[in-house]
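Undergrad: Structure incoming, see below.
The values are calculated or read from the model by the stated rules, or taken from the named source; none is laboratory data. The structure displayed is predicted, hence computed values, not measured ones. Glycine gets a Cβ as well: all are built from the backbone with ideal geometry, and neighbour counts include every protein chain shown. Areas reflect the complete protein model, heavy atoms only, side chains present, ligands, DNA and RNA absent. Shrake-Rupley method; radii C 1.70, N 1.55, O 1.52, S 1.80 Å.
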Amino acid sequence: MTTDPLLLTGDLAEANDRMLRTVTGLAAADVAAPSLLPGWTRAHVLTHLARNADGFVNLLTAARTGEPIPMYASVEARNADIDAGAGRGPADLLDDLRRSGQRFDVAVAEMPPGAWGAMVQTRRGPWPAALLVWARLREVEVHHVDLAAGYRPTDWPEAFAQRLLHEVATGLADDPAAPAMVLRPDGPARELTVGDPEGAPTITGPAPELAAWLTGRGTGELLTVDPDGPLPNPPEWI
């Protein structure tokens, strides 16, 4: 899957539409109910998604203007904004999610070609601005699952699941705490290796299932292990 920001805008628009359709069907009791993220309700997840869009707008603006604009004023301010917004009802949450997504779209459209190569400081470290559209797509797709409102990893588009799997596996390859394993997605995708493959178990299954398991969004029950045994225990994905 490409990470070209302009090519990914269509995928992001479709992901946003799926998310908004889900949120449209939520009642007050639904948004106050727990999400899959410990300690967060669905309203927390939705507020986080809206503030994440605004944070990425800040980074896109920094890339475009050269000004040192942080993603969030501080970690404390980010957390306070999420907590403050989590008490809202479904209509306000839906409106916030829609408007913040539109602000992100405008910021992407305003980017001159040369600005995409600028480095910006994300919460995961310095990134080229060109990766921000992919980062937003990842946030929308993964947290849509976290709502526990009917959208599952099996609903992820195949290209997205493959890209997420590759990204997570690459990160694990650089993590000394990650167990050695070979990831073998179904279909024509190539194997991904974490650690020393000599004697390591091979984990086989659909790319969405592999990605969901590695990101803590699935139990891996549809995956197979060769030689037969339990699934490895990968580090928490953040």
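Undergrad: Ignoring the sites themselves, what is the longest stretch of the chain with no GluC sites (Glu not before Pro) in a DSSP loop and at most 14 other beta-carbon atoms within 10 Å?
TA: 1-109
Undergrad: When the accessible area of region 104-238 is split by element with a 1.4 Å probe, what percent falls to carbon and sulfur?
TA: 54
Undergrad: Within the set of other residues whose C-beta is less than 14 Å from the C-beta of Gly101, count the net charge using Lys and Arg as +1 and Asp and Glu as -1.
TA: Once all neighbours under 14 Å are counted, the net charge is -2.
Undergrad: Roughly how many debye, to the nearest 20, is the charge dipole of the chain about its Cα centre, given +1 on each Lys and Arg Cβ, -1 on each Asp and Glu Cβ, and no other charges?
TA: So the magnitude is around 620 debye.
Undergrad: Specify whether the C-alpha gyration tensor of region 1-77 places it in the rounded, prolate or oblate class, a ≥ b ≥ c being the square roots of the eigenvalues: rounded for a/c under 1.5, otherwise prolate if a/b is larger than b/c and oblate if not.
TA: Here region 1-77 falls in the oblate category.
Undergrad: For a test of the definition: using alpha carbon positions, the gyration tensor, and the 1.5 limit on a/c, classify region 116-201 as rounded, prolate or oblate.
TA: Since a/c reaches 1.5 but b/c is at least a/b, the shape of region 116-201 is classed as oblate.
Undergrad: Considering only protein heavy atoms and a probe of 1.4 Å, how much of the accessible area of region 1-50 is carbon and sulfur, as a whole percent?
TA: Carbon and sulfur together cover 59 percent of it.
Undergrad: With a 1.4 Å probe and all protein chains left in place, how much accessible area per residue does the chain have, in Å²?
TA: I get 48 Å² per residue for the chain.
Undergrad: Something else now. Residues with amide H under 5 Å of Thr122's amide H, sequence separation 5 or more or different chain, H placed in the peptide plane at 1.01 Å from N; which?
TA: Trp127
Undergrad: Rounded to whole Å and sorted largest first, what semi-axes of the equivalent ellipsoid does the C-alpha gyration tensor of region 156-238 yield via the square root of 5 times each eigenvalue?
TA: Ellipsoid half-lengths, sorted descending, are 17, 14, 12 Å.
Undergrad: Okay, moving on. Which value at 222 nm does the chain reach when only helices count, each DSSP H run of 4 or more adding -39,500 (n - 2.57), with the total divided by all residues and rounded to the nearest 500 deg cm²/dmol?
TA: -16000 deg cm²/dmol
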